[in-house]
1. Through the Karplus equation 6.51 cos²θ - 1.76 cosθ + 1.60, θ set to phi - 60°, convert the phi angles of the range 13-28 into ³J(HN,Hα) values in whole Hz; use x for Gly and Pro.
2. Fully extended, how many nm does the chain gain between Thr108 and Asp172 (0.36 nm per residue separation, minus their Cα-Cα distance)?
3. For His257 and Leu272 in the same chain, what is the full-extension length gain: residue separation times 0.36 nm, less their Cα-Cα distance, in nm?
4. How long is the gain from Ala61 to Gln75 if the chain were fully straight, where each residue apart is worth 0.36 nm and the alpha carbon distance is subtracted?
5. Which peptide among 70-76, 225-231 comes first, and what is the full order, when sorted by highest mean count of other Cβ atoms within 10 Å?
Amino acid sequence: MTDQFEVAFEGPGIESDGVPLADFQATLEHVQRAVRLMVTEMVGGGAGRGRPSDLVRRESALRLLSTSRGSLHAQIGLESRNGLTIMDGEYGAMALDRIFAVEDATETLPEPVLSELHLIGTDISSAVGVVRLSRLTGERSWEFRCTASTRRKRAVQNEEQALLSGWLREVDWASRSARLHRSDGPYVRLAFDAALDDEMQRLANTYVEVRGFGSFDAMDRWRTVQVEQLASAHSGNEPFDVEQFLNAPNPKIFDAHKMVTASEPFDADEFLSVIRQARHVVGEEAAD
């Protein structure tokens, strides 16, 4: 069974300049995701929605074993402890066998696995050009060529920074999407990267603050917001929580010593009288 394989990055300047870290990281994330989806299919969960089980995560976990220069080659293997491969049911190795099958894998792999693999070509830059996945025996099963001159983020010209609050619902780890439900309008579609998987799990179904970027449609509504930061927030519909307030990283607590005072003698009665007179004038103008 296959428990190790190679990821090769090829491009005109890689031998002298190396591989951009963003390309390296994005590729390995897609490979890890594809293996995880394949294991999910094999254990009977279906390569689709939901948080992977502990068994799936354990069986599909990958480790970077070594790298070599030239057109950068990275040797990847299943996670191990004390030199022994963790394969409770050998699902990880069987998943790799399916992915690297000699037959036409396009017809035998589940669609989510194929989609994840093909995203490698979308997410690599022209600095790489080609990514190849192969067995250590030299058989080349997959080749992905760059299909975009830059990585996908910020591809739209009119994207703007987004700062939103609402209830985080319908988190889907297979498609890395979610919905932010707000009290002042329809829900907002969210997209997130693998780096936010744990935060999305921890904060699912809670009130959150989302920072990211996106664009507006013709009705001046957010299309999909790409999440960059996610944090717990307090909803105006919830009762005030003193402990949460005091344990906040930067609580806003009243300090009498820092209170701003008037620098000149101040007649409070005269000030209030001016306010009342102004209100009276405004009321008369509104009546006219």
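Values quoted throughout were computed directly from the atomic coordinates according to the rules given, and no laboratory measurement underlies them. These numbers were taken from a predicted model, which means no experiment stands behind them. With ideal geometry, Cβ positions are generated from the backbone for all residues, glycine too; neighbour counts draw on all protein chains shown.
1. These are the phi-based 3J(HN,Hα) values: x, 5, 4, 9, 10, x, 9, x, 4, 4, 5, 4, 5, 4, 4, 5 Hz.
2. Result: 20.6 nm gained on full extension.
3. Net length gain for the segment: 2.9 nm.
4. Residue separation times 0.36 nm, minus the Cα-Cα distance, leaves 3.6 nm.
5. Packing proxy ranking, top to bottom: 225-231, 70-76.
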